[in-house]
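In what follows, a single structure is set out as structure tokens and then discussed.
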Amino acid sequence: MPKQPRIKRGHIIITAIIVSIILYLAGVMTGLNANKVVEQQVEVDIDELKAVLDDSALDLKNIQLQQFFIDNFPETDRCALIDIYSEHLYDQISSYWQVLPQRLEAYDKHSRKSDDYVALKREYIRLSLRFWLTTMTSYNKCGDKDLIGILYFYTPGCDGCVRQGEAFDEFQLSLQQEKDIIIFPIDATFPDDTVTMLTTFYGITEYPATVLHGDVVQGEIVTAQQLLQRYD
């Protein structure tokens, strides 16, 4: 039998290392390209929405006036007015949902943020907080248990925050036929006085942090199963 040539072990190891490096770099480049595509699409969508940003600011002023009416209406009529107000807020915030990335915490962690994106995000955060307060009022004072608003604080560098967002997605899918569930993701590092006030009020120092109708869970992930046990 002819003698088989011996393959040196060192050559195998070197070849394996080279292949591993090539595969790793290919994965990195694929991820970078995917992030770049998402960034470009977001910027295009933001450009389309810039034309109506001034109108959105005017709408927010109208919302303040509507809130004044709600606060001063007779209590017997207040819940009916809150329902109408909630529908208006939903229409307003839907425009932002169509433009902003589906998972803000993931986008903020991996992508470059333009000035237009930051401006849009500021308006979105303020509108989200106003809508969240309205859902709280509807839930606590009007007994509307089918409208669930969850306030969720994240930071761009938080690994667990992305997993928390995925748990919220699972929770929403589980009850989408039964309840209206709205998650309000708020960047806790965003320079806004209201954001700072809320994180201070709730004593939030760890992330992800979730506010569940007054109860605060921070530094850990609230699973979809835990949310179902609470709200189903």
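For residue 138, state whether it is farther than 21 Å from residue 67 by Cβ and assigned to a helix (DSSP H, G or I).
no
Taking interchain pairs and intrachain pairs at least six residues apart, which have beta carbon atoms under 6 angstrom, with the first residue in the range 104-125 and under 20 Å from residue 165 (Cα atoms) and the second of a type in the set (S, T, N, Q) and at pLDDT below 80?
Every condition considered, the pairs that remain are 110/35; 111/35.
Residues of the range 111-142 being among the small types (Gly, Ala, Ser) and more than 16 Å from residue 153 (Cβ to Cβ), which ones?
First, the residues of the range 111-142 that are among the small types (Gly, Ala, Ser): 111, 114, 119, 128, 138.
Answer for the range 111-142, where residues must be among the small types (Gly, Ala, Ser) and more than 16 Å from residue 153 (Cβ to Cβ): 111, 114, 119, 138.
Could you list, in sequence order, the residues of the range 38-93 that are acidic (Asp, Glu) and either within 27 Å of the chain's Cα centre (by Cα) or at pLDDT below 60 (or both)? Break it down stepwise before answering.
Residues of the range 38-93 that are acidic (Asp, Glu), as a first pass: 39, 43, 45, 47-48, 54-55, 59, 71, 75, 77, 83, 87, 91.
Result: 39, 43, 45, 47, 48, 54, 55, 59, 83, 87, 91.
Give the residue that is surrounded by the most Cβ atoms within 10 Å (Cβ to Cβ), with candidates limited to residues of the range 186-213 that are touching a residue at least 24 places away in the same chain (Cβ under 8 Å) and of a type in the set (D, E, K, R).
Taking the range 186-213 as the starting set, the residues that turn out to be touching a residue at least 24 places away in the same chain (Cβ under 8 Å) are 186-190, 192, 194-195, 198-199, 204, 207-213.
Adding the requirement that they be of a type in the set (D, E, K, R) leaves 187, 192.
Values: 187: 20, 192: 17.
Among residues in the range 186-213 that are touching a residue at least 24 places away in the same chain (Cβ under 8 Å) and of a type in the set (D, E, K, R), the one surrounded by the most Cβ atoms within 10 Å (Cβ to Cβ) is 187.
Kindly provide the set of residues from the range 167-197 that are assigned to a helix (DSSP H, G or I) and in contact with a Lys or Arg (Cβ under 8 Å, 6 or more places away or on another chain), ordered by number.
Within the range 167-197, the subset assigned to a helix (DSSP H, G or I) is 167-175, 193-197.
Within the range 167-197, just 194 meets the criteria.
For the range 198-219, which positions are β-branched (Val, Ile, Thr) and in a loop (DSSP other than H, G, I, E, B)? Working first, answer last.
Taking the range 198-219 first, the residues β-branched (Val, Ile, Thr) are 199-200, 204-205, 210-211, 216-217.
The answer is 204, 205.
What's the number of the only condition in (1) in contact (Cβ under 8 Å) with a residue 40 or more places away in the chain; (2) closer than 19 Å to residue 124 by Cβ that residue 183 fails to meet?
For residue 183, the failing item is (1).
Please find, among 124, 117, the residue that is buried (at least 20 other Cβ atoms within 10 Å of the Cβ), within 11 Å of the chain's Cα centre (by Cα) and over 22 Å from residue 214 (Cβ atoms). Reasoning before the result, please.
Values: 117 fails: within 11 Å of the chain's Cα centre (by Cα).
It is 124.
Out of 194, 199, report the one residue that is at pLDDT 95 or above and farther than 20 Å from residue 91 by Cα.
On the way: 194 fails: at pLDDT 95 or above.
On inspection, the qualifying residue turns out to be 199.
The values are calculated or read from the model by the stated rules, or taken from the named source; none is laboratory data. Computed from a predicted structure; not experimentally measured. Neighbour counts are summed over all protein chains in view; Cβ atoms, including those assigned to glycine, are modelled from backbone coordinates with ideal geometry.
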